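Colleague: Here it is, the structure in full.
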Amino acid sequence: MGALVIGRVRADARLVAGATSFLQITLFTILGVVLAYLLAAASGPLCDNWLTVVDKRLGFDWPAIFALADKLPKPILLIAGIAYHSLVLQMVACVLVLAGTGRLARLQRTMAAAILAGGVTVLVSGLLPATGNLFDPDHYRQLWGSVAWGDRGLVRGLRDGSIRQLDLSHMTGIVSFPSYHAALTVILLWGLYPLARLRVPAAIWAGLTILATPLFGGHYAVDVLAGLLLAIVALSVARGLATPVTDRDGMRRRGRRATEAVRTSGLNGRMHGVEVIR
């Protein structure tokens with residue numbers, strides 16, 4: 001909030017845009033988690049059975065996949081786990097980079113898509129509740145429990161009524177279908193894509209985050225696929241919702257067009273002069 005005030009006093013559009021984005025995403029996260037808890041407490045039967053069936057029809061044998069993942073070198077599992085749990089850091093980096101480089105229109109659309117996708121995720125997950133693609137880490141040598149495994153008691157308590165108080169000091173997302181992790185990762189990658197130096201590493205990290213989502217988030221494959229589709233739709237809708245903003249890229253494009261217009265006008269004038277002389 002202080003950064004927002006300072007930015008307005010200094011008339012610093014970049015600082016205002018960055019601070020506004022952080023404020024928006026923070027407020028949405030709090031409201032979204034609260035709404036997810038309320039919907040979980042009032043939701044109907046779990047949909048894990050049909051999500052499992054869909055995954056099997058798509059060719060995903062999760063017991064075999066988990067067994068294979070358990071044989072991976074520990075450094076690979078560690079990197080994948082860090083990638084999955086780095087989503088908040090990815091969001092912060094995206095806001096700082098886009099605001100710092102003056103890509104304010106792209107920042108605005110990225111935040112609009114992120115909030116839109118998050119809202120849809122919470123609502124759909126409330127209508128189609130699921131505990132997640134769970135596995136018991138005690139049955140494996142290297143794998144540790146997923147987020148969904150750790151939250152299974154919370155979900156159960158919200159559904160059976162044994163939990164009726166929100167612990168604001170420990171709020172976690174309990175959505176399953178679609179995967180907001182997958183959706184937000186794609187949206188943030190889209191936001192950073194114009195930056196040539198960050199394009200490749202951002203794409204690699206995003207891909208690793210998405211691949212790690214079923215294992216460390218406890219998601220089904222269909223959750224991830226739905227999240228990817230949701231990201232595309234959210235970005236498309238956000239394009240119409242975003243308020244026109246003048247950013248550095250826009251000024252460059254307009255500057256180039258103006259320069260080209262002046263050059264064309266001058267060229268036409270010289271050509272016209274030649275014709276008159278003739």
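Colleague: Could you list all residues from region 1-19 that are open to solvent by 40 Å² or more (accessible area, probe 1.4 Å) and either in contact with a Leu (Cβ under 9 Å, 6 or more places away or on another chain) or modelled with pLDDT of 85 or more (or both)?
Modeller: Selection gives Met1, Ala3, Ile6, Arg8, Ala13, Arg14, Leu15.
Colleague: Continuing with the same structure: Cβ contacts < 7 Å: first residue within 20 Å of Leu235 (Cα to Cα), restricted to region 192-205; second residue outside any loop (DSSP other than H, G, I, E, B) and among the basic types (Lys, Arg), any location; separation 6+ or different chain. Result?
Modeller: Tyr193/Arg199; Pro194/Arg106
Colleague: Out of curiosity, is Ala83 at pLDDT 95 or above and either loosely packed, with under 11 Cβ neighbours inside 10 Å or more than 21 Å from Asp136 (Cβ to Cβ) (or both)?
Modeller: Yes; evaluated as a whole, the condition is true for this residue.
Colleague: Just give me the residues in region 19-45 being under 25 Å from the mean Cα position of the chain (by Cα) and over 16 Å from Thr121 (Cβ atoms), in sequence order.
Modeller: Within region 19-45, Ala19, Thr20, Ser21, Phe22, Leu23, Gln24, Thr26, Leu27 meet the criteria.
Matching residues to (1) part of a helix (DSSP H, G or I); (2) of a type outside the set (D, E, K, R); (3) closer than 17 Å to Ser146 by Cα; (4) at pLDDT 55 or above:
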{"site": "Pro214", "(1), (2), (3), (4)": "yes, yes, yes, yes"}
{"site": "Ala226", "(1), (2), (3), (4)": "yes, yes, no, yes"}
{"site": "Leu230", "(1), (2), (3), (4)": "yes, yes, no, yes"}
{"site": "Val245", "(1), (2), (3), (4)": "no, yes, no, yes"}
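Colleague: To continue, here is another question. Any chance you could count how many residues in region 151-191 are over 13 Å from Tyr37 (Cβ atoms), outside any helix (DSSP H, G or I) and either of a type in the set (Asp, Glu) or in contact (Cβ under 8 Å) with a residue 40 or more places away in the chain (or both)?
Modeller: Adding up the residues that qualify gives 4.
Yes or no, residue by residue, for (1) open to solvent by 60 Å² or more (accessible area, probe 1.4 Å); (2) touching a Ser or Thr at 6+ places or on another chain (Cβ under 8 Å):
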| position | (1), (2) |
| --- | --- |
| Asp138 | yes, no |
| Ala148 | no, yes |
| Pro194 | no, no |
| Pro201 | yes, no |
| Trp205 | yes, yes |
| Leu208 | no, no |
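Colleague: Look at region 96-130 and say how many of its residues are open to solvent by 20 Å² or more (accessible area, probe 1.4 Å) and in a loop (DSSP other than H, G, I, E, B).
Modeller: Final tally of qualifying residues: 3.
Colleague: Please indicate, with yes or no, whether at least one residue in region 131-149 is assigned to a loop (DSSP other than H, G, I, E, B) and modelled with pLDDT under 90.
Modeller: no
Colleague: Could you tell me whether region 255-265 includes any residue that is part of a helix (DSSP H, G or I), at pLDDT 60 or above and of a type in the set (A, V, I, L, M, F, W, C)?
Modeller: Checked against the condition, which is being part of a helix (DSSP H, G or I), at pLDDT 60 or above and of a type in the set (A, V, I, L, M, F, W, C), region 255-265 yields no hits at all.
Colleague: Which one of Ser162, Ser236 is at pLDDT below 85 and open to solvent by 40 Å² or more (accessible area, probe 1.4 Å)?
Modeller: Testing whether each residue is at pLDDT below 85 and open to solvent by 40 Å² or more (accessible area, probe 1.4 Å) leaves just Ser162.
The values are calculated or read from the model by the stated rules, or taken from the named source; none is laboratory data. Keep in mind that this is a model prediction, so the values were computed, not measured. Positions of Cβ are generated from backbone atoms using ideal geometry, with glycine treated the same way; all protein chains shown enter the neighbour counts. The protein model used for the area step is the full one, side chains on, heavy atoms only, and it has no ligands, DNA or RNA in it. Shrake-Rupley method; radii C 1.70, N 1.55, O 1.52, S 1.80 Å.
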